[in-house]
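S.K.: My questions all concern the structure below.
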Amino acid sequence: MYCVCSQPAYSNYKSQAVAPPLSFSQFCVQYPEDCQRHDDCRIRDFRSSIQRWRELAEINSTVNFGIAPKDLLASRRDAEWQIFPSQGNCGDYAVTKRHLLLRSGWPSSVLLLAEVVIRATGEHHLVLLVREGRAVLVLDNLSPVVTPLVDALDRYILVRAESETDPRYWTRQVGVF
């Protein structure tokens, strides 16, 4: 007896379109430039992967220390993401990091906002995923260091992320991350 499958076994690695968070849609109205596709404008000849890693670490640290965290109740009520507010929630940290990296010439296709669930608390949380070569790195306001996603998955469950092809759309990419 033979089984004939209509799809290859790896077909579950395709992305599935999902609705973006409402906060993201509101953010795009306020900051339309940050929701457009940006090409890679980094100077490749002069910037090694070590320099790019340093830039990620510096921006992660600068934003984490530059925005004061809102208290938990105020943060839960605030659904509006802003770039560099004096006080903010996880969304404010993530969009500020993405904004700074876009201004540094990084392409939007490697800077993906991602909604995760924190395994320990069950809370929804926003982080910035950065594809650097074959690695996917996490920039998170809850961590002082840039972390490879494979190491962060023991803390998070990935819910949805921006599409690599169009930053206005979000996907659920089973098996990719």
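S.K.: Would you pick out the residues in region 35-93 that are at pLDDT below 75, of a type in the set (Gly, Ala, Ser) and not in a loop (DSSP other than H, G, I, E, B)?
M.R.: Ala74, Ser75
S.K.: Which of the residues belonging to region 121-151 are closer than 21 Å to Phe65 by Cα and either charged (D, E, K, R) or not in a strand (DSSP E or B) (or both)? Before the answer, list the steps.
M.R.: Narrowing region 121-151 to residues closer than 21 Å to Phe65 by Cα: 125-130, 137-148.
Asp140, Asn141, Leu142, Ser143, Pro144, Val145, Val146, listed by residue number.
S.K.: A further question on this structure: Do you know which of the residues in region 12-31 that are within 14 Å of Tyr169 (Cβ to Cβ) and either part of a loop (DSSP other than H, G, I, E, B) or in contact with a strand residue (DSSP E or B) (Cβ under 8 Å, 6 or more places away or on another chain) (or both) is modelled with the lowest pLDDT?
M.R.: Going through the qualifying residues, I end up with Ser15.
S.K.: Could you look through region 148-169, keep only residues that are among the charged types (D, E, K, R) and over 14 Å from the mean Cα position of the chain (by Cα), and pick out the one that is surrounded by the fewest Cβ atoms within 10 Å (Cβ to Cβ)? Talk me through it step by step, then tell me what you get.
M.R.: Initial filter on region 148-169 (among the charged types (D, E, K, R)): 151, 154-155, 160, 162, 164, 166, 168.
Adding the requirement that they be over 14 Å from the mean Cα position of the chain (by Cα) leaves 151, 154-155.
On the way: Asp151: 10, Asp154: 7, Arg155: 17.
It comes out as Asp154.
S.K.: Of everything in region 118-132 that's out of contact with any Phe, Trp or Tyr (no Cβ under 7 Å at 6 or more places or on another chain) and either among the basic types (Lys, Arg) or farther than 19 Å from Lys97 by Cβ (or both), which residue is surrounded by the most Cβ atoms within 10 Å (Cβ to Cβ)?
M.R.: By that ranking, first place goes to Arg131.
The values are calculated or read from the model by the stated rules, or taken from the named source; none is laboratory data. Treat the numbers as computed from the prediction; the structure is a model and nothing was measured. Reconstructed Cβ throughout: ideal geometry from the backbone, glycine too, with neighbour counts over all protein chains shown.
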